[in-house]
Amino acid sequence: MNTLIVYKSYHRMNTEKVAKAMADALNAQLAKVEDVRPEELAGYDLIGFGSGIYGLKHHKALIELIEAMPAMDKDVFVFSTCGNVREVNHKQIKEKLTEKGCHIAGEFTCFGEFAGALRLNRDWKGALAFIGGKNKGHPDEKDLENARVFAKGLLSA
Ligand SMILES: Cc1cc2nc3c(=O)[nH]c(=O)nc-3n(C[C@H](O)[C@H](O)[C@H](O)COP(=O)(O)O)c2cc1C
């Protein structure tokens with residue numbers, strides 16, 4: 001089975017960890033989205049697409065790659081790391097892939113550490129407040145093991 005995993009990861013490189021775990025389990029080729037040309041995708045039997053979730057969606061670069069790729073009847077899977085697991089997170093990418101004729105063989109998500117930010121807190125006389133940080137330590141070893149199990153499950157399916 002000729003498998004490719006395409007990913008975009010920039011915030012904390014969380015999705016890159018998951019992509020690497022899946023690539024090991026599947027003996028797949030791993031590529032950053034910037035390094036993939038849309039025409040290349042037709043040469044694989046199975047393709048995984050993954051990124052962090054930003055504004056309730058996968059990264060724009062991944063969506064643009066899917067929009068630019070030729071229509072193909074192909075098995076694909078989608079994955080992500082996220083701050084909050086929500087059904088909507090994978091909606092857009094699944095729709096785009098389905099429009100291209102692909103079959104969604106599976107999907108995987110797990111928490112990804114999310115950096116907080118220092119903001120001026122107006123209610124507290126301009127003091128700096130730390131907001132937002134969560135999911136510290138994720139993806140952890142258990143998340144990565146879950147990703148490997150998911151990936152191996154795709155092969156047996
Ligand atoms: C700009 C930005 C927007 C984000 N928006 C969401 C979101 O809408 N939903 C969510 O669950 N997580 C959100 N997150 C959290 C990321 O999905 C999470 O930290 C992810 O693991 C980042 O992946 P990466 O390190 O591979 O880039 C956001 C993070 C950033 C930096």
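The values are calculated or read from the model by the stated rules, or taken from the named source; none is laboratory data. Just so you know, these numbers come straight off a predicted model, no measurement behind them. Glycine also receives a Cβ, built like all others from the backbone with ideal geometry; neighbour counts cover every protein chain displayed.
Give the residue that is surrounded by the fewest Cβ atoms within 10 Å (Cβ to Cβ), with candidates limited to residues of segment 78-89 that are within 11 Å of the ligand (Cβ to nearest atom) and closer than 18 Å to Leu46 by Cα.
This residue is Phe79.
Can you tell me which condition Glu113 does not meet? The list is (1) acidic (Asp, Glu); (2) over 19 Å from Asn146 (Cα atoms); (3) within 16 Å of the ligand (Cβ to nearest atom), and all the others hold.
Answer for Glu113: the failing condition is (2).
Please go through segment 1-33 and give me each residue that is polar (S, T, N, Q) and either assigned to a strand (DSSP E or B) or within 8 Å of the ligand (Cβ to nearest atom) (or both), ordered by number.
Thr3, Ser9, Asn14, Thr15, Gln29
Taking the stated definitions as given, is Lys8 in contact (Cβ under 8 Å) with a residue 24 or more places away in the chain, basic (Lys, Arg) and closer than 24 Å to Leu144 by Cβ?
yes
When you look at Gly106, is it assigned to a loop (DSSP other than H, G, I, E, B), at pLDDT 95 or above and more than 14 Å from the ligand (Cβ to nearest atom), yes or no?
Taking the combined requirement at face value, the residue does not satisfy it.
Can you name the residue in segment 18-77 that is surrounded by 13 or more Cβ atoms within 10 Å (Cβ to Cβ) and of a type in the set (Lys, Arg) and, of all such residues, is farthest from Asp143 (Cα to Cα)?
Filtering segment 18-77 for residues that are surrounded by 13 or more Cβ atoms within 10 Å (Cβ to Cβ) and of a type in the set (Lys, Arg), the one farthest from Asp143 (Cα to Cα) comes out as Lys74.
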